[in-house]
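Only the coordinates and a few stated rules stand behind these numbers; no lab work does. Keep in mind it's a predicted model, so treat the numbers as computed, not measured. Here Cβ is always computed from backbone atoms with ideal geometry, including for glycine, and neighbour counts include all displayed protein chains.
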Ligand SMILES: Cc1ncc(COP(=O)(O)O)c(C=O)c1O
């Protein structure tokens, strides 16, 4: 009888992980109140406004602007900072496409740099080396919830007079030196899409302590309007990025659970550090000493295939899923995406910038390559489980290691002729 679930054996995971999204009577009541109030639109409503204020305060910021999603949060931020044609924005090559596409949406060039080997966050040394007279901003991504080096990035941004944006879509409630992330620079952006640490299916937020930035961003997200002015006056270029009252109401309830859930995710992740770190060939994402709490959008670990009979990352992921442990592959390096390879991204640029050589397309990015193709992600809902769940994750990986040769043998076997 085979041992691996992938080959017909029993699953390592016996009891189910907690379901996601989580909700209770409070979401039901909040949604019903919106329904019966007949105020479903944020403009005359109070729910989204209350949520903006509560979310900003939670992250130590004076201002919060709720928007339709995390991509929109970055797009509005670019517009509010006046980033446009001819400008450059430095960001990590290892991130979701939205971090770069928001820069292109502003008709500026995303300049891609490599990440730290152990935390998978943007490498400040490479940021500094990539600065040119056209650079206007740096976008740090708090990868998987681990904050980028906000000390060094803050210094670089200040000394070169650049905006620092924290793409915090993975990092609600994460802390850097005991202070919640998001308002260390000009702005922090968040996503409330379904997989995120709190959710309304879709949604986004921009937080900031900069009054001028807030005024611009709020106007951009609401068709160029300005507070207390006539509804049909439009002072700057803007669009409609407003969040609905339904989402504001649900997110306000979700925010009430975030602190406790973060504590649980962080604690379980530290147990996994211990359990998985003891398995040869598994290297968990490093927790730097200045990261005092990791929001843990995911539990990320590197798999050295040599310790697993040479099986591929995809085979490892399939074996884990078969054992009942939800897990997935990582983001590909941005510069390998079709739009960068085939030159489509240049259509967003103007003048010399649209035809000139972009050195990042020829660079090697060894740490991004390693993170992109050799790490495995366990999504955050699993971290809401208990200690037994964490032990079952470790047991599943140990089992895959024990039986990896069976997977390797299967893939080495000649394919049977099709009938
Ligand atoms: C790092 C990062 N930035 C931005 C986004 C965009 O968020 P949304 O999907 O809400 O547009 C995501 C979403 O997955 C993300 O992971």
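Remarks
- Helix 313-322 axis, angle to the chain major axis (alpha carbon atoms, nearest 10°): 80
- Angle between the chain longest axis and helix 245-277 axis [Cα atoms, degrees, rounded to 10]: 40
- Each peptide among 6-14, 188-196, 336-344 gets the average number of other Cβ atoms lying within 10 Å of its residues, and from highest to lowest they stand as 188-196, 6-14, 336-344.
- For the chain: relative contact order, % (alpha-carbon pairs under 8 angstrom, 6 or more apart): 22
- Springs between Cα atoms under 10 Å define the GNM used for the chain, and in it the highest mean-square fluctuation of 100, 329, 73 occurs at 329.
- DSSP beta bridges in the chain [antiparallel fraction, %, rounded to 5]: 60
- Note on the chain: GNM, Cα springs under 10 Å; of 300, 279, 139, the largest mean-square fluctuation is that of 279.
- Burial order of peptide ranges 107-120, 153-166 (average beta-carbon count within 10 Å, highest first): 107-120, 153-166
- Share antiparallel - DSSP beta bridges, the stretch 25-255, percent rounded to 5: 45
- With Cα atoms, 0 to 90° folded angle of helix 211-220 axis to the chain main axis: 80
- The calculated FRET efficiency for residue 54 paired with residue 388, based on their beta-carbon distance and R0 = 41 Å, is about 0.75.
- Shape category assigned to the stretch 240-373 from the gyration tensor of Cα positions, a/c cut at 1.5: oblate
- Two-decimal Rg/Rh across the chain, once Rg and the Kirkwood Rh are taken from alpha-carbon atoms: 1.00
- Packing around the peptides 15-21, 53-59, taken as the average count of other Cβ atoms within 10 Å per residue, puts them in this order, highest first: 53-59, 15-21.
- C-alpha center-to-center spacing [the stretch 211-289, the stretch 66-104] in angstrom: 15
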